[in-house]
Every structure is written in C-alpha cells, then in structure tokens.
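Colleague: Okay, here's the structure, questions in a sec.
The values are calculated or read from the model by the stated rules, or taken from the named source; none is laboratory data. This one's a predicted model, so the numbers in the text were calculated from it and none came from an experiment. Please note: Cβ atoms are built from the backbone with ideal geometry, for glycine as well, and neighbour counts cover all protein chains shown. Note: areas computed on protein heavy atoms with side chains; ligands, DNA, RNA excluded. Shrake-Rupley method; radii C 1.70, N 1.55, O 1.52, S 1.80 Å.
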Amino acid sequence: MKEIAILNILRLEDVKKTYNGKCALSIDSLHIKSGTICGYLGRNGAGKSTTIKIIMGIELPDEGDVYFLNNRINHQDPGYKKYIGYCPDYPAVFEKLTVFEHLNFIAYLYGMDNKKEIESIIRKYIEHYEIEEYENTLIETLSRGNKQKVAIISSIIHNPKLLVYDEPTLGLDPLSMKQFKTMLNEYTQNGGTVFLSSHSLDTIEEIADSVTIIDKGQIVRNNIAVNDIRKALTSVEDYLLSVVEK
Ligand SMILES: Nc1ncnc2c1ncn2[C@@H]1O[C@H](COP(=O)(O)OP(=O)(O)OP(=O)(O)O)[C@@H](O)[C@H]1O
C-alpha cells in the first residue's frame with residue numbers, strides 16, 4: 001500500500017470535461033510520479049490548463065476522479081490544497097499588498113503560524129530571486145516578471161508535496177529562469193514533486209525527468225523518461241512534434 005502512495009502522488013482516472021457541447025478533455029489515465037519533475041506538453045488548446053484547473057478544483061470534471069496520495073479528491077473539501085502549490089500563467093497576486101505583506105498573508109492562509117519561520121522562508125526566497133529591494137514595495141508597481149516571481153514564491157512558501165505549474169515562467173528573464181530551475185531541483189531533491197506545463201521545451205529538456213503529452217484533449221504519452229528520449233538521439237521538441245497530430 002505504502003509503495004503505491006509513494007509511486008504516484010496524483011492520478012486522474014477517466015476524466016472528461018466538455019465546454020459548450022465540445023469535448024475539451026478526455027483523459028483515461030494520467031499519473032504523476034512522486035519525487036520527479038514531469039513536463040506537461042501539448043499544442044495550444046490541447047487541454048493542459050483545463051487539466052490543471054481540474055486538479056486544482058477551479059473547474060469540475062463532468063466525469064471521472066482525481067486522486068491525491070491515493071485519496072479521491074472531493075472538491076467540496078479543499079483541504080488537500082494545503083499540500084499543493086499552484087501557479088497559473090499570470091501573476092495571481094494581491095496587487096494592493098507589498099511583497100512581504102503578500103507572502104506573509106499567503107503563509108497565513110496556508111495555516112503557517114510560526115512568525116520567525118515564515119519570515120525566514122520569505123527572506124530565503126526573496127534573496128533567491130534577488131528581489132530584496134522590493135520587499136516593501138506595492139505589488140501593483142512591480143514589473144510583470146517580478147510579480148511572477150512573487151507568485152512563484154507564493155506557490156512554494158508552505159513547502160507543499162506537489163507543485164502544479166501552468167506556464168509559470170512567462171515573463172521571466174534568463175537569470176530568473178536559472179533561479180527557477182535551481183529552486184525546482186532543490187525542491188525535488190528534498191522529496192517534492194513538480195507537474196509543469198510549459199512551451200519552453202529547452203527548460204523541460206534541462207530539468208524534467210519525464211514528459212506527458214496531451215493532444216486534442218487526450219493523453220498520447222504518459223511519463224516518458226527524458227533520458228529515454230535522449231537515448232533515442234532526439235530532442236524533447238522533435239519528440240513532441242513526432243507525437244502530436246499535425
Ligand atoms: N472556459 C472555457 N469555455 C469554453 N471553452 C474552453 C474554456 N476553457 C478552455 N476551453 C477550450 O478547451 C480546450 C482546451 O483549452 P486549454 O486552455 O486547456 O488548452 P491549453 O493546452 O492550456 O492551451 P495553451 O497552450 O494555449 O494554453 C480549448 O479548445 C479551449 O478553447
């Protein structure tokens with residue numbers, strides 16, 4: 001039993017979602033292995049964001065189930081979200097708070113109550129992303145990239161078991177991208193799991209352990225090891241292009 005829980009932190013089974021009579025998602029099975037970085041790839045409109053919204057309970061599936069650590073997620077009871085960090089493709093931040101106030105508030109929402117510990121985690125990440133000078137700055141006055149860094153820090157501040165990211169690096173400069181990759185590597189070395197939807201295939205190739213590919217709402221490849229793609233002397237980009245329908 002324990003082994004199964006450790007193997008797959010998240011599972012989607014027979015999940016279907018229709019918008020206006022049109023099927024956006026029809027997933028027989030999608031598994032995310034614990035302790036890995038899994039890249040979630042697919043063309044525009046393939047269904048990546050819809051999958052992620054269903055995992056996060058932002059959208060409800062018409063059919064099917066999502067299991068987190070082998071427990072079926074009941075969207076009436078959002079307690080599981082305490083163990084997941086989420087970052088959408090836009091900076092989901094409270095614009096009228098300062099960077100420090102915002103991160104402090106997020107920590108509070110996640111039920112963290114040790115003031116010293118919260119401050120030290122906030123400092124660790126704002127130093128990591130080199131945004132110390134904005135600590136007391138109103139978020140609404142930050143650049144898009146810096147807002148996105150605040151959103152990324154918000155997703156990891158409570159040390160979740162799983163990070164679910166939907167194009168989280170839009171607007172990040174190359175140095176910040178490097179800081180993002182370092183953060184994810186450290187996070188997985190400490191047992192965390194990442195499900196990362198991205199069109200940045202260089203990043204996926206560099207940091208992901210595996211890729212899952214969605215096309216026209218269906219999973220066409222699940223958990224293919226990036227090492228195996230490399231062994232086949234192909235890039236993640238060429239692999240993706242060979243798998244999705246033209
Ligand atoms: N709220 C909605 N109402 C109607 N259709 C929707 C809605 N949200 C998504 N869709 C449709 O569902 C399908 C999947 O969209 P989704 O946003 O999940 O794709 P994606 O893979 O994330 O694309 P992208 O790479 O462009 O972000 C698309 O056909 C889209 O038009």
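Colleague: Multiply the residue separation of Leu138 and Lys115 by 0.36 nm, subtract the distance between their alpha-carbon atoms, and state the gained length in nm to one decimal.
Modeller: Details: separation 23, 0.36 × 23 = 8.28 nm, distance 2.12 nm.
Stretched out fully, the Leu138 to Lys115 stretch lengthens by 6.2 nm.
Colleague: Round to a whole angstrom and tell me the spacing of the C-alpha centers of region 23-67 and region 178-211.
Modeller: What the calculation gives is 18 Å, centre to centre.
Colleague: In debye to the nearest 20, how big a dipole does region 2-243 give about its Cα centre with +1 on each Lys and Arg Cβ and -1 on each Asp and Glu Cβ?
Modeller: Numbers: 27 positive and 33 negative charges, 83 e Å.
Once rounded to the nearest 20, the dipole reads 400 debye.
Colleague: Shifting gears a bit: Write down the percent of antiparallel bridges among all DSSP beta bridges whose residues are both part of the chain, to the nearest 5.
Modeller: Percentage antiparallel, nearest 5: 60.
Colleague: Any idea of the accessible area per residue across the chain, 1.4 Å probe, to the nearest Å²? Could the numbers behind the result be given before it?
Modeller: Numbers: 12370 Å² over 246 residues.
I get 50 Å² per residue for this part.
Colleague: Return the single residue from Leu196, Leu138, Leu162 with maximal mean-square fluctuation; model: Gaussian network over the chain, springs between Cα atoms under 10 Å.
Modeller: Leu138
Colleague: Please give the calculated 222 nm ellipticity per residue for the chain, where each DSSP H segment of at least 4 residues contributes -39500 (n - 2.57) and the sum is spread over every residue; nearest 500 deg cm²/dmol?
Modeller: Helices in the chain give a 222 nm mean residue ellipticity of -10500 deg cm²/dmol.
Colleague: Here is a follow-up. Enter the per residue convex hull volume of region 2-243, computed from alpha-carbon coordinates, in Å³ rounded to the nearest integer. Don't jump to the answer; show the numbers that get you there.
Modeller: Values: hull volume 32.4 nm³, N = 242.
In region 2-243, the Cα convex hull volume per residue is 134 Å³.
Colleague: Still on this structure, please answer the following. Using DSSP to define loop residues, name the trypsin sites (Lys or Arg not before Pro) in region 17-126 whose beta-carbon has at most 16 other beta-carbon atoms within 10 Å.
Modeller: Values: sites: Lys17, Lys22, Lys33, Arg43, Lys48, Lys53, Arg72, Lys81, Lys82, Lys96, Lys115, Lys116, Arg123, Lys124; in loops: Arg43, Lys96.
Counting only loop positions with at most 16 other Cβ atoms within 10 Å, the trypsin sites (Lys or Arg not before Pro) in region 17-126 are Lys96.
Colleague: Of the candidates Gly47, Gly21, Gly192, which one comes out as most mobile in a Gaussian network treatment of the chain with C-alpha springs shorter than 10 Å?
Modeller: Gly21
Colleague: Can you tell which of Thr193, Thr234, Thr50 shows the greatest fluctuation in a Gaussian network model of the chain with Cα springs below 10 Å?
Modeller: Of Thr193, Thr234, Thr50, the Gaussian network model singles out Thr234 as fluctuating most.
Colleague: Further question: I'd like the carbon and sulfur percentage of the solvent accessible area for region 90-246, probe radius 1.4 Å, heavy atoms only, ligands and nucleic acids excluded. Can you show the working numbers first?
Modeller: Values: 3780 of 7790 Å².
Of the solvent-accessible surface of region 90-246, carbon and sulfur hold 48 percent.
Colleague: Which of the residue pairs Lys181/Lys216; Lys124/Lys178; Lys53/Lys116; Lys81/Lys147 have a Cα-Cα distance greater than 24 Å in the structure shown? Intermediate results must be reported in sequence, preceding the final value.
Modeller: Values: Lys181/Lys216 29 Å; Lys124/Lys178 16 Å; Lys53/Lys116 33 Å; Lys81/Lys147 22 Å.
Check vs 24 Å cut-off fails for Lys181/Lys216; Lys53/Lys116.
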